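Reviewing the structure listed below.
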Amino acid sequence: DYAVVLGVDYSYEVLASNIHGSSKKSNIAIGYLTEDAMLAPTDFVATDGTLVNQVRLNWKKNTEGSEPTKFYVYRNNVLMDTLAGTATYSIVDVSDYPGLVYTFKLVAENASGVQSAAVYDTGWARPGSTTPVASIGVYVDRIDLTWTRVAGSGMYYFVYRSLDLVGTDKILIATTSGDAFQDKNLSADTQYVYSIVAGRGNNQDYLGYSGGSAVGSTRHVEAESRDFNVDTLVTVPAGVVEVTACIIGGGGGGAVCENLSLTTAAGGGYAGIISNTVIAVVPGMILRLIVGRGGVGAPSYSGYGSAGTATSIRRGDNYNAILASAAGGAGGKNSHSGVSSPGYNGNDSSRTTCYGVAKDGNGTSAGRSNTWGGQAGFGDGGGGALEFGHTTPGYGAGGGGGASVSGSKGATGGNGLIKLSWGS
């Protein structure tokens, strides 16, 4: 019984009890506190995360009973310190396991060697702090971080990232037991702010203080442009999050007319549709490029030129997911069959595209027949001709019409093209 004071007699009785009832009370026993009694200290408190690698224990001596000559301090029942009876605090080193909650015990002892009852409290210390070092402008999509380890075994490090020094948007991006981390898949030409906080295991409840911030950055993506005239797969480079795609479908083939007719005219093919668009991508994404083919020229004066096929950009992991496309150009027609629209009439006019400036193909006339040039695409339209060997059209342009004796053919349209650009 520790709730006693000096100079007072206390009487005690004992009885036994079970499920069937209780016994009679025992005889009365009288007890009292002697002047040699050692009473437990009061107001015993251990700090919770106030100090780094240390826990401070505070207490007061009991003014009742005998005067203490020693205090014994225990951490998880292991003796850590022996202090004089005048002490009112102890600072216990816990740098071997900071961030761990300990049970502390304090026992007082008087000159006669009589010890008090123990008093208890729990407490913990924060781990030390560390400041990261971040790479600056080394990679387009990654920042490398390093830091020094703090004292204590079993320590983990919580990596936080924000976009400004205030840290209002700070988020936890990693937890690691190491002293380095690579922050990947970042935007190019962007600044990031990092802080590192040490903790016990994977527990965020007992963390250390941040030792400061490190500012890192990614470099900008170098400007690059590539042309593709055949089907292929393209991997989006590191740091690239959008691609500008200038694409055109295959040009249409030219028609053929009979040069003995007074009324026939061979139309040139139309250029493929031109599309200029921005595609949102992620680094490492696979783009499947499908380049349209030029339409075949008419096989004889009784036929039309074939349409060009479409050009498209699709996701590499999903053939049907079209990100951008441009249809092929229509084939040329002739008036021999009574068609009112014989095809494109090349007139050498300029056409500005996302690839540059191109010109329509020139038509030619001789005798009683006309041939029309193809429409300009990325490149110049094919020129019309009365015999074989029409001018070859540029990418995406329409083929020229032809006029000759039976057996002549119209010019094939130009194949499509894809131009991809990124960076700055």
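Per-structure values
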| read-out | value |
| --- | --- |
| Matching residues in the range 188-209 - criterion: being assigned to a loop (DSSP other than H, G, I, E, B), more than 18 Å from the chain's Cα centre (by Cα) and buried (at least 18 other Cβ atoms within 10 Å of the Cβ) | Y206, G208 |
| Subset of the range 345-386 that is of a type in the set (A, V, I, L, M) and at pLDDT below 75 - its residue that is nearest to C246 (Cα to Cα) | A385 |
| Qualifying positions in the range 149-161 - over 13 Å from the mean Cα position of the chain (by Cα) and surrounded by 15 or more Cβ atoms within 10 Å (Cβ to Cβ) | V150, A151, G152, M155, Y156, Y157, F158, V159, Y160 |
| Scope the range 387-419; condition modelled with pLDDT under 85 and open to solvent by 50 Å² or more (accessible area, probe 1.4 Å); matching residues | E387, F388, G389, T391, T392, V405, S406, K409 |
| Among residues of the range 106-148, those that are among the β-branched types (V, I, T), open to solvent by less than 30 Å² (accessible area, probe 1.4 Å) and within 35 Å of the chain's Cα centre (by Cα), counted | 3 |
| Long-range neighbours under 7 Å by Cβ, at least six apart or interchain, first residue β-branched (V, I, T) within the range 321-334, second not in a loop (DSSP other than H, G, I, E, B) | I322/S312; I322/R314 |
| Any hit, the range 171-187, residues being open to solvent by 40 Å² or more (accessible area, probe 1.4 Å), on the phi > 0 side of the Ramachandran plot and under 16 Å from the mean Cα position of the chain (by Cα) | yes |
| Residues of the range 59-90 that turn out to be touching a residue at least 24 places away in the same chain (Cβ under 8 Å), loosely packed, with under 15 Cβ neighbours inside 10 Å and within 55 Å of the chain's Cα centre (by Cα), as a count | 4 |
| Subset of the range 34-58 that is of a type in the set (D, E) and in contact (Cβ under 8 Å) with a residue 24 or more places away in the chain - its residue that is most open to solvent (accessible area, probe 1.4 Å) | E35 |
| Residue check, T148 polar (S, T, N, Q) and farther than 23 Å from N77 by Cα | yes |
| Any chance G154 is small (G, A, S) and farther than 27 Å from V241 by Cβ | yes |
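The values are calculated or read from the model by the stated rules, or taken from the named source; none is laboratory data. Predicted model, so just to flag it, every value in this text is computed and none were measured. Reconstructed Cβ throughout: ideal geometry from the backbone, glycine too, with neighbour counts over all protein chains shown. Accessible surface areas use protein heavy atoms only, side chains included; no ligands, DNA or RNA. Shrake-Rupley method; radii C 1.70, N 1.55, O 1.52, S 1.80 Å.
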